[in-house]
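Shown next, in structure tokens, is the structure this report addresses.
The values are calculated or read from the model by the stated rules, or taken from the named source; none is laboratory data. Remember, predicted model here, so these are calculated numbers, not experimental data. Every residue, glycine among them, receives a Cβ derived from its backbone with ideal geometry; neighbour counts consider all protein chains shown.
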């Protein structure tokens, strides 16, 4: 778990403990005190607020990401799942082995996905194939660099990797993937 997540978790635990003590003391003083019930309400709301805040770190598939080719959309959804799995490894103390496995699985599947896209492009003589392949290679190079940085600062490297992958995937899907998908759909790929 990175330092920010640890500090947030510690602060949240301290807040909950403080509220529990305040509620107990308030109930001991008399159950009719409105401040006590306000504190109970705050205590009840904390899990909902926490869930809402932590859910923003996870990536969700939106139909606007669809490129119109079912097999590619399915692979993009799996990539999102693997990015979320890596996010979970970062957010919780899962250990270096799980973090490494999550990142390696993501990298391996990403390469498999890229090869699949590139095969479709070659088979259908996509005119921008080489430029698209160069984007894929640059992304893999960046992730490999993160893997090298992992030895120096695992938390920072993983956080950097997840943030980069989330941004890159959406920009790539909504940019060049949608461009090639139009071309491939016109060639009968669906």
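Things worth noting here:
- Scan of region 146-162 for residues that are part of a helix (DSSP H, G or I) and loosely packed, with under 14 Cβ neighbours inside 10 Å, ordered by number: 148
- Considering residues of region 94-129 that are touching a helix residue (DSSP H, G or I) at 6+ places or on another chain (Cβ under 6 Å) and not in a helix (DSSP H, G or I) only, the residue farthest from residue 189 (Cα to Cα): 126
- Only a single item in (1) under 29 Å from residue 78 (Cα atoms); (2) modelled with pLDDT of 80 or more; (3) surrounded by 10 or more Cβ atoms within 10 Å (Cβ to Cβ) is not met by residue 50, and it is number (2).
- Filtering region 77-93 to residues that are in contact with a helix residue (DSSP H, G or I) (Cβ under 7 Å, 6 or more places away or on another chain) and either modelled with pLDDT of 85 or more or not in a helix (DSSP H, G or I) (or both) leaves 78, 79, 82, 83, 85, 86, 87.
- Residue pairs whose Cβ atoms lie under 7 Å apart, sitting 6 or more positions apart in sequence or on different chains, and linking a residue in region 134-150 that is touching a residue at least 12 places away in the same chain (Cβ under 8 Å) and not assigned by TED's automatic domain parsing to the domain that holds residue 121 to a partner that is part of a helix (DSSP H, G or I) and buried (at least 18 other Cβ atoms within 10 Å of the Cβ), do not occur here.
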